[in-house]
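Below is one structure, written out as structure tokens; comments come after it.
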Amino acid sequence: MKKTILILSAIFVASFSFAQMPDKFVKAMESKIVMLDSVQTAEGYIELANAFERIADAEKNQGLAYYYAAYCNASAGTIVGASGDMMAAKADKTDPYADKADKQIKKAEELMKKSSEISIVKKMIATLRMLGDPMNRYMTYGPEATAMLDEAKKMNPDNPRVYLLEAQDKYFTPEEFGGNKEEAKVLFEKSQKLFETFKPETSIHPNWGKNQIAYFLSLYK
């Protein structure tokens, strides 16, 4: 009986969520979200970020469009920041992406309830700020990124994206600063396992990350 009530409640929540979204908005979002896991370049993420921003501007009361625009800008900036010498200062190139993402995630948070997904993007933005000038910004944005990831985990310990980002941190951080590729592998595998049972609230709620995990795990073979 209890299980039946929980299932019915989940169906009601999903139905209610969709009821608040215009069909045109949902279809526009679905056409872009399907591209997320295949994007591999900064240019690709920029194109998607701009597309989500246009959707957000058309439907100003829909926080998910701002969320995805922020995620894509943070992802594009991260690719730029990770290119070449990762320890070199390149804030002039990465900060514009972080600035855009920061404004967009704040708009998303105003329109959506506080969630693990919002904190995950905030973590990405803090990491991007740090990548802009690692030597001078680590003490400021390193703890902020950790705090946002901890917050995301606390709000939803079964969110696979939490462990994906934690694994990436372990993978890319030098061993002398706490990085460990074998520990990263365990986290990638945990994230992959959680994806097997993870159910997004609707077809346009966050479900990205599977292809990223597959890529990183392929590096261990």
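Brief remarks on what is shown
- Residues (exposed (fewer than 13 other Cβ atoms within 10 Å of the Cβ) and either touching a helix residue (DSSP H, G or I) at 6+ places or on another chain (Cβ under 7 Å) or small (Gly, Ala, Ser) (or both)) located in segment 160-205: Gly178
- Some residue of segment 62-84 being part of a helix (DSSP H, G or I) and out of contact with any helix residue (DSSP H, G or I) (no Cβ under 7 Å at 6 or more places or on another chain): no
- Within segment 16-65, tally of residues that are farther than 22 Å from Glu109 by Cβ, without any contact (Cβ under 8 Å) to a residue 12 or more places away in the chain and of a type in the set (S, T, N, Q): 2
- In segment 66-88, the residues that are at negative phi never reach a residue that is outside any helix (DSSP H, G or I) and crowded, with 24+ Cβ neighbours inside 10 Å with C-beta atoms less than 6 angstrom apart, at least six apart or across chains.
- Residues located in segment 114-156, provided they are surrounded by fewer than 20 Cβ atoms within 10 Å (Cβ to Cβ) and within 17 Å of Gln168 (Cα to Cα): Pro134, Tyr138, Gly142, Pro143, Glu144, Thr146, Ala147, Asp150, Lys153
- Residue satisfying all of: in segment 33-71; modelled with pLDDT of 95 or more and either in contact with a strand residue (DSSP E or B) (Cβ under 7 Å, 6 or more places away or on another chain) or of a type in the set (Asp, Glu) (or both); farthest from Ile213 (Cα to Cα) among these: Glu53
- Within segment 181-198, tally of residues that are assigned to a loop (DSSP other than H, G, I, E, B) and under 16 Å from the mean Cα position of the chain (by Cα): 1
The values are calculated or read from the model by the stated rules, or taken from the named source; none is laboratory data. Keep in mind that this is a model prediction, so the values were computed, not measured. Cβ: placed from backbone, ideal geometry, glycine included. Neighbour counts: every protein chain shown.
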